[in-house]
Each structure stands twice: as structure tokens, then as C-alpha cells.
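First up is the structure itself, then whatever we jot down about it.
Please treat every number below as a calculation from the coordinates, not as lab data. All values reported here derive from a predicted model rather than from experimental measurement. For neighbour counting, all protein chains shown are included, and Cβ atoms are generated from backbone atoms with ideal geometry for every residue, glycine included.
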Ligand SMILES: [Cu+2]
């Protein structure tokens with residue numbers, strides 16, 4: 001029963017992956033819909049988000065990246081401490097185990113673009129790269145959504 005559910009989920013994932021724009025494949029890694037939020041004028045940092053699914057037999061690691069609009073590209077974790085959201089750089093990147101999907105999302109692990117050269121504008125496509133330890137580098141585009149949006153599809157609340 002459990003296996004059926006897993007397989008069904010995997011199939012759904014495949015369909016979703018092939019249907020949606022903004023998805024990328026690098027070897028056995030599937031990268032889903034990189035996106036970022038628009039920033040107010042003068043902002044120095046922006047959060048960026050994506051998912052990575054490892055369809056291969058070996059673990060890989062998302063270790064870095066770049067974008068055309070920011071000087072630095074970091075991975076952050078976010079935890080609540082005494083009711084305050086704290087962000088910290090993640091050393092060594094993020095491991096993606098075989099069969100695992102890692103979500104970089106608002107309020108959790110995320111990409112932090114630091115040292116913005118220009119504001120991110122809604123509707124913009126920001127060119128960038130993602131660097132994996134084993135699979136290498138892939139070119140992606142981050143779709144910029146409205147400041148308050150919670151995902152690439154639009155609707156939702158804010159948060160970091
Ligand atoms: Cu951050």
C-alpha cells in the first residue's frame with residue numbers, strides 16, 4: 001500500500017515536471033521552478049527558491065550558484081528562536097539523497113542573493129547557475145513574482 005502511494009507520487013511528480021515551465025534537468029537531478037520575490041528599491045538582499053529531486057542512485061549536493069543580479073549566492077537555513085526568525089549560512093551546501101526532493105522555500109532553506117546590483121522586478125527572468133558537487137553546473141532562470149507572493153504560481157502570503 002505504501003509502495004503504491006510512493007509510486008503514484010513519483011508518477012505525479014514526473015507529470016508535474018514535464019508539464020510545468022521553468023523546470024530543468026541535469027543528469028538524474030530534476031530542478032523545479034526557480035523563483036524569487038520582487039524587491040523594494042534599495043534592497044540589498046533577496047530570497048530565491050527552487051526544488052531539487054534526485055532520481056539517481058547516488059547522493060549529490062547543491063554547493064553553490066550565481067545570478068546576474070547579485071554579487072553573492074548563499075544557502076541559508078531559517079529557524080525560529082524566541083519568536084524571532086534567524087537566518088544562518090549553510091556550510092557545505094545541501095545534500096540531496098537518492099529519491100529525495102529538497103525544497104528551498106520561504107521560511108526554510110533558501111538561496112540568499114546578497115549584494116543586489118538592481119531591484120528584482122515582477123515578471124523579470126533572472127539568469128543564474130546552480131552548481132552541484134557531482135552533476136556539475138546548470139543554467140537556470142529565476143522567475144520573479146510579486147513582493148507578497150508565496151510561490152511561482154502567485155497566490156499567498158508573505159514571509160521571508
Ligand atoms: Cu536568507
So the compactness index of region 16-160, its C-alpha Rg divided by 2.2 N^0.38 Å, takes the value 1.00
Fully extended contour minus Cα-Cα distance, from residue 109 to residue 122, at 0.36 nm per residue: 2.5 nm
Figure the gain on full extension for residue 61 and residue 139 (residue separation times 0.36 nm, minus the Cα-Cα span) and round it to one decimal in nm. 26.4 nm
Please state the equivalent ellipsoid semi-axes for region 92-137: what are the square roots of 5 times the Cα gyration tensor eigenvalues, largest first, in whole Å? 24, 14, 11
When a footprinting reagent is the concern and you count Cβ atoms within 10 Å, what order do 73, 109 take, fewest first? 109, 73
